[in-house]
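*Asks:* Dropping a structure here in structure tokens format, bear with me for questions.
We did not get these values from a lab; they are worked out from the coordinates using the rules stated. Owing to the predicted nature of the structure, the values given are computational and were not obtained by experimental measurement. FYI the Cβ positions are ideal-geometry reconstructions off the backbone, even for glycines, and counts take in every protein chain you see.
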Amino acid sequence: MPNNKFSQISLFDIYEDVNSSFTEKKSELVSMLEQHIDFSSLIPYAFHRAFYQGTGRKHKYHLESFIKALVIQKLFAFNYDSQLILVLKCSDDLRNFCGFDKVPDGSYFTRFKQKYCTFIVELFHNLVDFTEPICREIDNKKADYLIFDTTGIEPYVAENNPKFLNVKLKEAKKLSKAYPEYNPYIGVYSLLPDTAQANSSVKQQYINGHYCYAHKVGVMTNGIGIIRDIAFFDDDFRKLHSDVVSKKSDNPDLDKEISDSHSLKPVLSDFFKKHPNLSYSTFLGDAAFDSYDNYTMLKNEFSFKRACIPLNNRNSKKSNSSYDEYGTPVCSLDKTPFSFLGKSGGENRSLRFKWVCHKSIPCGSKRICTCETPCTSSTYGKCTYTYPDKDFRMYPGIPRNTEHWDNLYKHRVYIERTIFLLKDCFGLDFLRTHNTLTIKADVYLAAITQLIGVILAKSLHELKLFKSVRKLIKKAS
């Protein structure tokens with residue numbers, strides 16, 4: 001019989017191969033972080049001073065050790081501190097990288113997040129300034145976009161258990177039996193408590209099409225998806241901005257819209273106050289931010305040249321028969337939109353958009369109107385202008401309903417991807433705590449981890465891989 005070239009692989013052999021491969025990958029990650037990231041220089045001096053201030057006894061652990069360990073936790077998306085502790089105990093490479101002679105208990109990590117949450121936020125803002133030139137180097141045009149959206153961070157509270165909503169729905173259905181005109185699916189909204197029992201700061205929200213109890217958070221990224229700011233709409237935020245009003249109505253979608261619209265100005269004010277040297281020319285947001293006040297504020301107070309926000313019909317005035325719902329001039333006969341020819345205006349003239357009759361076609365260096373019933377004696381065809389300075393909402397520095405507008409607004413998807421990255425890849429979707437400070441620290445640590453990836457890409461001269469640490473590891477190896 002011929003020799004059998006194949007041999008049976010035992011379960012132990014498979015385990016050894018997977019385990020050695022995983023260990024090797026971790027070693028590559030550790031090697032990259034040790035060579036290219038100087039954590040000590042990234043941490044603000046105030047953070048060092050607060051951590052090492054005299055306490056009457058010597059510190060058993062170092063500040064950089066905690067920061068490194070928590071970054072590792074986000075990279076591996078460990079939802080529990082116990083998972084991080086177990087990995088540190090089993091991996092000499094990771095433990096030595098963090099600088100732990102002995103791995104701290106879970107209570108140490110919890111106290112660190114709660115006690116130094118303010119300084120973790122400061123570290124994040126420090127990294128935002130540090131990574132801004134890198135973002136401009138990656139793509140200067142897209143780095144000049146500022147994208148804003150809101151989301152919810154759901155803590156570990158009983159109200160987020162699906163059984164809780166089912167109990168309330170059963171109560172509403174009992175009422176509907178006594179009162180036939182009562183709609184239980186609408187009425188259940190009024191039966192839900194405003195806050196979670198375990199933490200009154202966790203409020204009822206209607207996010208992504210479902211009810212939940214969450215911390216409302218505003219997130220800003222640039223046009224390449226690198227996070228620029230995070231704002232918790234907590235009690236401290238409301239005290240600092242007393243003009244932000246939380247309105248409760250029968251329409252959860254309307255509640256969300258009003259909250260988003262009112263939060264825009266204070267979030268931008270705080271952001272530019274923390275980063276006075278940063279500036280952006282283009283703002284992108286969804287239809288929730290469509291209000292006349294927001295357009296005026298974006299243009300006059302924050303010097304945005306363009307605001308790419310879809311129109312919300314509820315906020316629109318009665319339309320003019322000479323224009324369509326997007327502000328595009330239309331033909332007086334068949335109501336067909338005019339063709340956009342571009343911007344015009346010099347140094348001493350305000351910006352204006354040029355539009356021409358849709359039946360005016362290019363003919364050499366000129367244009368000729370082919371309309372059978374022309375509304376002007378000019379062979380060029382009817383031409384008109386719109387002025388952004390007169391109505392920045394309708395003409396927000398870029399003509400609506402054009403290919404240019406559509407291509408620009410597509411960049412808003414990057415903030416959705418960044419939020420998904422923070423929640424799914426860095427483990428924020430499965431937090432196992434209801435403490436506000438711990439959650440806040442975890443959110444900022446996730447953002448810090450993304451920014452460290454940007455710094456790592458710059459150090460490795462692989463700017464195209466700024467979004468994926470795994471690809472950076474593969475490339476470096």
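*Asks:* For the range 163-189 and the range 83-134, compute the distance between their C-alpha centroids and round to whole Å.
*Replies:* Result: 46 Å between the Cα centres.
*Asks:* Full extension from Leu240 to Phe430: what is 0.36 nm times the residue separation minus their Cα-Cα distance, to one decimal in nm? Intermediate values should be presented prior to the final figure.
*Replies:* Numbers: separation 190, 0.36 × 190 = 68.40 nm, distance 2.98 nm.
Stretched out fully, the Leu240 to Phe430 stretch lengthens by 65.4 nm.
*Asks:* Taking the Cβ of Lys265 as the center, what net charge do the other residues with Cβ under 9 Å away carry, scoring Lys and Arg +1 and Asp and Glu -1?
*Replies:* Working: positive: none; negative: Asp243, Asp293, Glu301.
Charge balance near Lys265 sits at -3.
*Asks:* Using 1/(1 + (r/R0)^6) with R0 = 30 angstrom and r between the beta carbons of Leu463 and Asp406, what's the FRET efficiency to the nearest 0.05?
*Replies:* Details: r = 27 Å, r/R0 = 0.91.
FRET efficiency, Leu463 to Asp406: 0.65.
*Asks:* If you take the Cα atoms of the range 82-152, find Rg, then find the Kirkwood Rh from the mean of 1/r over all pairs, what is Rg/Rh?
*Replies:* 1.14
*Asks:* Okay, moving on. Pull up all non-local amide H partners of His434: gap of 5 or more, or a different chain, and H-to-H distance under 5 Å with H placed in the peptide plane.
*Replies:* Tyr156
*Asks:* Moving on to the next point. Which of the peptides 78-91, 181-194, 445-458 is most tightly packed, and how do the rest follow, going by the mean number of other Cβ atoms within 10 Å of each residue?
*Replies:* Those peptides, ordered most packed to least, come out 445-458, 78-91, 181-194.
*Asks:* Asp334 to Arg417: extension gain in nm, 0.36 nm per residue of separation minus the Cα-Cα distance?
*Replies:* Working: separation 83, 0.36 × 83 = 29.88 nm, distance 4.20 nm.
Difference between extended and current length: 25.7 nm.
*Asks:* Please rank Ser322, Ser377, Ser263, Ser459, fewest neighbouring Cβ atoms within 10 Å first, as an exposure proxy. It would help to have the intermediate numbers written out before the result.
*Replies:* Details: Ser322 11, Ser377 5, Ser263 21, Ser459 15.
Taking fewest neighbouring Cβ atoms as first place, the list is Ser377, Ser322, Ser459, Ser263.
*Asks:* Please report the net charge: other residues with Cβ closer than 10 Å to the Cβ of Phe51, K and R +1, D and E -1.
*Replies:* Here the charged neighbours net out to +1.
*Asks:* In the neighborhood of Leu175, defined by Cβ-to-Cβ distances under 14 Å, what is the net charge if each Lys or Arg adds +1 and each Asp or Glu adds -1?
*Replies:* Result for the local shell: +3.
*Asks:* Now for a separate question. What are the ³J(HN,Hα) values, in whole Hz, obtained from phi via the Karplus relation 6.51 cos²θ - 1.76 cosθ + 1.60 with θ = phi - 60°, for each residue of the range 92-104 in sequence order, with x given for Gly and Pro?
*Replies:* 5, 4, 5, 5, 5, 4, 6, x, 9, 6, 9, 6, x
*Asks:* Can you list the HN-Hα couplings for the range 180-194, worked out from phi with the Karplus curve (6.51, -1.76, 1.60; θ = phi - 60°), rounded to whole Hz and with x for Gly and Pro?
*Replies:* x, 6, 7, 8, x, 6, 7, x, 4, 4, 7, 8, 6, x, 6
*Asks:* Alpha carbon centre of the range 371-430 versus the range 353-368: separation in Å?
*Replies:* First find each Cα centre; the distance between them is then 22 Å.
*Asks:* Could you order peptides 404-417, 275-288, 223-236 by the average number of other Cβ atoms within 10 Å of their residues, highest first?
*Replies:* The densest-packed peptide leads the list: 223-236, 275-288, 404-417.
*Asks:* Once amide H atoms are built 1.01 Å from N in the peptide plane, which residues 5 or more positions from Asp229, or in another chain, come under 5 Å H to H?
*Replies:* Those qualifying (amide H under 5 Å, at least 5 residues apart or on another chain) are Met220.
*Asks:* Provide the per-residue ³J(HN,Hα) series for the range 326-343, in order, calculated from phi with Karplus coefficients 6.51, -1.76, 1.60 and θ = phi - 60°, each as a whole number of Hz, with x at glycine and proline positions.
*Replies:* 9, x, 7, x, 10, 5, 6, 8, 10, 6, 7, x, 5, 8, 7, 9, x, 8
*Asks:* Here is a follow-up. Tell me which residues come under 5 Å, amide H to amide H, from Tyr145 once H is placed; ignore anything under 5 positions away on its chain.
*Replies:* Residues meeting the criterion, in which the H sits 1.01 Å from N, are Gly223.
*Asks:* Given labels modelled 7 Å from the Cα in the Cβ direction, how far is it in nm from Asp105 to Leu86?
*Replies:* Placing both labels 7 Å beyond Cα along the Cβ direction yields 1.9 nm.
*Asks:* Measure of size requested: the Rg and Dmax of the range 119-244, with Cα atoms as the atom set and Å as the unit; please supply both.
*Replies:* Taking only Cα atoms of the range 119-244, I get Rg and Dmax of 20.1, 66 Å.
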